[in-house]
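To keep things clear, I will list the structure first and then write my remarks on it.
The values are calculated or read from the model by the stated rules, or taken from the named source; none is laboratory data. Keep in mind that this is a model prediction, so the values were computed, not measured. Neighbour counts run over all protein chains shown; Cβ positions are idealised from the backbone, glycine included. Calculation scope for accessible area: heavy atoms of the full protein, side chains included, ligands and nucleic acids excluded. Shrake-Rupley method; radii C 1.70, N 1.55, O 1.52, S 1.80 Å.
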Amino acid sequence: DNLPRTMKTFSIRQSQLELEEELGSGQFGSVQKGYCTLKRKGRIPVAVKKLNSDDKSAEEEMLKEADVMRNLSHQRIVRMIGLCRADCIMLVLELCPCGPLNSFLAKRKEMKQSQVVQLMWQVAQGMSYLHSKNYVHRDLAARNVLLVSENSAKISDFGMSKAFNIGNDYYKAREAGKWPLKWYAPECVYFWKFDAKSDVWSYGVTLWEATSYGGKPYKTMKGNEILKFLVEDEMRLKKPDFCDEQVYEIMLECWQYE
Ligand code: ADP
């Protein structure tokens, strides 16, 4: 599965695409289910992320996301099939029919913890690959883990991902943006510093969401309250009811301050 891409061109014509129902909506537009017809593979099911905005910066964001995805090829990472430039820009992705992990598990509370842990192990493999390619994800959360089936998870949404700085092992944000603070390590919030370790923190929160079957971390707490809770009070999210001690130990390790 980790063979290098042989297909160098990622450009897709609109005539290759058939669009069907909406799967969800993103920051800049909708995501639709559909089919893409490719010379080598034939007609394959896809998810098409449309940019419904003529804002130049939104376009740039989407092209950056495509640029990151172009460099990734792993069984545990949603594949980019290509980019279609028609009336709007469309990012054509491998389809994950069972959708986001959090909403899937909220409807499947009878699923065994061991199976949930298996899915999270797959996420760990995908993240390990991402870090080996010198990228930080910066938005790892259960909503961004998509399921192909109940036994197969893939990491998605590379809209915030960045390559590490050359010579440094981290990415320094130039300004604070719309950040998923509940998933962020304290150094992200304090110093805008992102690295493999801050993704590990987010992985811990994602593991908490998964083992609580789509539970919402920190309930109604605000960003500054969470920082006080974590840093001043040295508190952490509680062990979800059905979660094994051993798995909770992993979360606590992900959330070590140092
Ligand atoms: P944004 O980055 O703007 O939040 P996402 O990439 O998270 O957008 O996509 C929004 C929603 O679209 C997701 O929550 C999911 O429901 C759906 N979606 C996105 N990509 C896929 C995919 N490859 N397969 C199935 N559904 C998808």
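Quick one: in region 125-160, of everything that is of a type in the set (Ser, Thr, Tyr) and within 13 Å of the ligand (Cβ to nearest atom), which residue is nearest to residue 69 (Cα to Cα)? Among those that are of a type in the set (Ser, Thr, Tyr) and within 13 Å of the ligand (Cβ to nearest atom), it is 156. Would it be correct to say that residue 195 is touching an Asp or Glu at 6+ places or on another chain (Cβ under 8 Å), surrounded by 16 or more Cβ atoms within 10 Å (Cβ to Cβ), within 22 Å of residue 73 (Cβ to Cβ) and among the acidic types (Asp, Glu)? No. Taking (1) within 15 Å of the ligand (Cβ to nearest atom); (2) surrounded by fewer than 15 Cβ atoms within 10 Å (Cβ to Cβ) in turn, residue 163 satisfies each apart from (1). Identify the residue in region 91-102 that is open to solvent by 30 Å² or more (accessible area, probe 1.4 Å) and near the ligand (Cβ under 9 Å from one of its atoms) and, among all such residues, is nearest to residue 17 (Cα to Cα). By that ranking, first place goes to 94.
Residue-by-condition table, conditions (1) open to solvent by 20 Å² or more (accessible area, probe 1.4 Å); (2) touching a residue at least 12 places away in the same chain (Cβ under 8 Å); (3) in contact with a Cys (Cβ under 9 Å, 6 or more places away or on another chain); (4) more than 18 Å from residue 31 (Cα to Cα):
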| site | (1), (2), (3), (4) |
| --- | --- |
| 104 | yes, yes, yes, no |
| 108 | yes, yes, no, yes |
| 113 | yes, yes, yes, yes |
| 123 | no, yes, no, yes |
| 127 | no, yes, no, yes |
| 135 | yes, yes, no, yes |
| 144 | no, yes, no, no |
| 148 | yes, yes, yes, no |
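When region 222-236 is filtered for residues that are open to solvent by 90 Å² or more (accessible area, probe 1.4 Å) and among the basic types (Lys, Arg), the ones remaining, listed by number, are 222, 228.
Checking every residue in region 164-186 against the condition of being closer than 30 Å to residue 105 by Cα and touching a strand residue (DSSP E or B) at 6+ places or on another chain (Cβ under 6 Å) gives zero matches.
Quick check: is even one residue across region 179-192 touching a Ser or Thr at 6+ places or on another chain (Cβ under 6 Å) and assigned to a helix (DSSP H, G or I)? Yes - at least one qualifying residue is present in region 179-192. When region 201-213 is filtered for residues that are assigned to a helix (DSSP H, G or I) and in contact (Cβ under 8 Å) with a residue 60 or more places away in the chain, the ones remaining, listed by number, are 202, 203, 205, 206, 207, 209, 210, 211.
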